Amino acid sequence: MNQEQQLKLQAYLDGELPEREKRAVLLWLQENEEAAALLAELRNTRQATVKSKQHLSLPESREFFWSKIEREIQRLEPEKTATPEVSIFTALRRWFFPAVAVSALALAGLIAHFNVPKAAVEIVADADTPTVETTLASGDATTYRNASDGITLVWFSDNTPIKSKSPATIN
Amino acid sequence: MKLFTINKLAYAALFFLFFAGVTAHAADGDLKLEAQLILCSNAAQPKSRPVAPEIEQKLLRLPLKWQHYYVVNSQTFSVAKNESKPVALGKSALDVKNLGGEKVEVTLVGFGKITQSLTKGQVLVTGSNDDSSLIVVRQVN
């Protein structure tokens with residue numbers, strides 16, 4: 001029996017031959033005892049291999065199964081904790097302090113809008129009211145101020161008839 | 001998304017402080033002023049130089065008897081803080097002192113002294129030794 005015939009027998013055993021060749025091999029096996037013996041040997045070897053494989057596969061106990069799950073959970077846990085958790089203080093620092101700052105600014109703006117302008121207007125009015133000192137021996141000064149127009153008129157009047165230099169009269 | 005951080009607020013506060021400081025410094029710099037001798041009249045004088053419209057509007061609202069105002073003479077000058085500048089306009093003599101903070105002390109020689117804040121747009125008017133005339137002091141750019 002040559003190598004090609006041996007390979008054909010192996011292919012027959014593995015079910016890899018087409019129907020026509022399979023029938024030819026069957027006829028050949030009925031006529032050739034050596035071939036039949038080789039096929040029987042191959043079949044035994046195959047069965048032995050399958051049995052040894054089954055023997056090698058260890059049964060997985062219940063404890064081992066759950067221990068694998070436990071290890072997998074432990075392996076994944078560090079990844080979860082890798083993401084930083086936001087502490088309460090951090091959250092306060094991020095949102096509460098800026099919110100307080102914005103609220104303080106808004107409050108200051110409101111106070112400035114509703115209260116300060118009144119006082120400021122008064123202060124500005126006082127500041128814009130001129131301080132007048134006359135050097136005339138017997139004279140005085142008249143002040144007229146129009147704050148909305150932004151104009152101040154100061155008129156010095158000398159009450160001594162001879163020295164009077166007032167160029168205009170106020171209506 | 002963070003809208004504000006402490007650092008950003010601190011930088012903003014520093015910026016405003018810096019801006020306020022610069023503004024305050026600018027306000028305490030030299031004052032550029034203009035003093036005008038104004039002729040007052042009830043009759044239009046087409047050949048005379050009329051006062052600026054913004055001054056005329058203010059003068060017309062004063063309780064004075066005149067309807068027309070013309071520029072006879074004007075002087076523009078700068079006064080440093082705490083410095084004085086003598087100004088002669090017609091027959092009148094002025095002494096203008098920059099008190100800082102856009103405040104001036106105008107001395108009308110022979111008559112008296114006026115202390116007044118003179119921000120841009122504000123006008124100080126006083127009498128003059130010339131007939132039918134006024135002196136106008138204002139801040140210019």
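The values are calculated or read from the model by the stated rules, or taken from the named source; none is laboratory data. As the structure is a computational prediction, the values presented were derived from the model and not from experiment. Positions of Cβ are generated from backbone atoms using ideal geometry, with glycine treated the same way; all protein chains shown enter the neighbour counts.
Just a few scattered comments:
- Subset of region B:98-118 (residues that are assigned to a strand (DSSP E or B) and under 15 Å from B:Val136 (Cα atoms)): B:Val104, B:Glu105, B:Val106, B:Thr107, B:Leu108, B:Lys113, B:Ile114, B:Thr115, B:Gln116, B:Ser117
- Filtering region B:77-108 to residues that are within 11 Å of another protein chain (Cβ to nearest Cβ), without any contact (Cβ under 8 Å) to a residue 40 or more places away in the chain and not hydrophobic (A, V, I, L, M, F, W, C) leaves B:Lys91, B:Lys103, B:Glu105, B:Thr107.
- Test result for A:Ser164, assigned to a loop (DSSP other than H, G, I, E, B), under 27 Å from B:Ile55 (Cβ atoms), at pLDDT 80 or above and more than 7 Å from chain B (Cβ to nearest Cβ): no
- Flag for B:Leu37 being within 14 Å of chain A (Cβ to nearest Cβ), part of a strand (DSSP E or B), under 16 Å from the mean Cα position of the chain (by Cα) and farther than 15 Å from A:Thr152 by Cβ: yes
- The conditions of being among the hydrophobic types (A, V, I, L, M, F, W, C) and outside any helix (DSSP H, G or I) are not met by A:Leu13.
- Apart from one condition, B:Asn73 fits all of (1) surrounded by 14 or more Cβ atoms within 10 Å (Cβ to Cβ); (2) away from chain A (no Cβ under 14 Å); (3) over 19 Å from B:Arg49 (Cα atoms); the exception is (3).
- The residues of region B:109-141 that are under 13 Å from A:Ser157 (Cα atoms), surrounded by 22 or more Cβ atoms within 10 Å (Cβ to Cβ) and either of a type outside the set (Gly, Ala, Ser) or more than 7 Å from chain A (Cβ to nearest Cβ) (or both), listed by number, are B:Phe111, B:Thr126.
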